[in-house]
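The values are calculated or read from the model by the stated rules, or taken from the named source; none is laboratory data. All values derive from a computational prediction rather than experimental measurement. Heads up, the Cβs are rebuilt from the backbone with ideal geometry, glycines too, and the neighbour counts pull from every protein chain shown.
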Amino acid sequence: MNGVPYPEINTLIKKLGLFQEKSGLLKQALAHRSYTHEAGGASNERLEFLGDSVLSLVISEHLFNHFPEKPEGDLSKWRAYLVSTDSLARLAKKLELGRYLLLGVGEDKSGGRERRSILADAMEALIAVIYLEYGWDRVKAFILEQWQPLLVRMKKYALPIDPKTHLQELLQAKGSVPRYKLVKAEGPDHNRLYTMAVYNGNSFLGQGIGRSKKEAEQEAAEEALKDLE
């Protein structure tokens, strides 16, 4: 098996408090197509499809019930933000899903465990298998628990803003601006992985990794906001 042995997956099972040891559905949720191309079996792509719909319905229902004052247009913008690849990947990283992914050798070596699209897909697939094994109420509870840090922003801001904009507004209110610096760039030109750091003056605030400098800056800003908010 490429990627992660079952003992690692069992660590995830304990963290989630869900699934049985060596769960076949959970393994499928973590199986990227690069892995199944080499090892056989089903990838997580069909599960992503289902998880995307489950997530959208849970978030839509929550927004409709808990924010009666917001018009449809604002609710649509918040839903788009909450179910975006960036939001999914950010929450997948909090669960450390990257370390449990089943990847092909090449994808693993090229930084697949940090790739936001892969993390977001795995998060959607995980939502799908929770729904399939435990039903609506349990998957709804899981989503609302994991999405709580993002949902609380709705009480502070009229419309969603990205982490870089949010950080800039916070620092500008204090008479400063964030400064981003490239830490390193790894891999070939067509598959580069960037690490960016953000500073307030000479004070280090956070660091992020992404497939582009912009993506890495957004992640660095998100890290900085954890301490500043």
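Below are the figures for this structure:
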read-out: Filtered residue count, the range 143-161, keeping only those that are under 16 Å from residue 84 (Cβ atoms), over 17 Å from the mean Cα position of the chain (by Cα), touching a residue at least 24 places away in the same chain (Cβ under 8 Å) and in a loop (DSSP other than H, G, I, E, B); value: 1
read-out: Subset of the range 65-83 (residues that are surrounded by fewer than 16 Cβ atoms within 10 Å (Cβ to Cβ) and hydroxyl-bearing (Ser, Thr, Tyr)); value: 76
read-out: Sole residue being over 26 Å from residue 210 (Cβ atoms) and over 18 Å from the mean Cα position of the chain (by Cα), chosen from 43, 23; value: 23
read-out: Filtered residue count, the range 192-223, keeping only those that are within 17 Å of residue 175 (Cα to Cα) and either within 14 Å of the chain's Cα centre (by Cα) or in contact (Cβ under 8 Å) with a residue 12 or more places away in the chain (or both); value: 5
read-out: Residues (of a type in the set (A, V, I, L, M, F, W, C), under 15 Å from the mean Cα position of the chain (by Cα) and not in a helix (DSSP H, G or I)) located in the range 90-116; value: 95, 101
read-out: Residue check, residue 114 at pLDDT below 90 and surrounded by fewer than 23 Cβ atoms within 10 Å (Cβ to Cβ); value: yes
read-out: Residue match in the range 128-139 (condition: modelled with pLDDT under 95 and either outside the structural domain of residue 46 (by TED's automatic domain parsing) or outside any helix (DSSP H, G or I) (or both)); value: no
read-out: Among residues of the range 100-111, those that are surrounded by 14 or more Cβ atoms within 10 Å (Cβ to Cβ) and at pLDDT 90 or above, counted; value: 5
read-out: The lone exception for residue 11 - which of (1) surrounded by fewer than 17 Cβ atoms within 10 Å (Cβ to Cβ); (2) in a loop (DSSP other than H, G, I, E, B); (3) modelled with pLDDT under 90 it fails; value: (2)
read-out: The lone exception for residue 59 - which of (1) touching a residue at least 24 places away in the same chain (Cβ under 8 Å); (2) outside any helix (DSSP H, G or I) it fails; value: (2)
read-out: So residue 119, is it in a helix (DSSP H, G or I) and outside the structural domain of residue 50 (by TED's automatic domain parsing); value: no
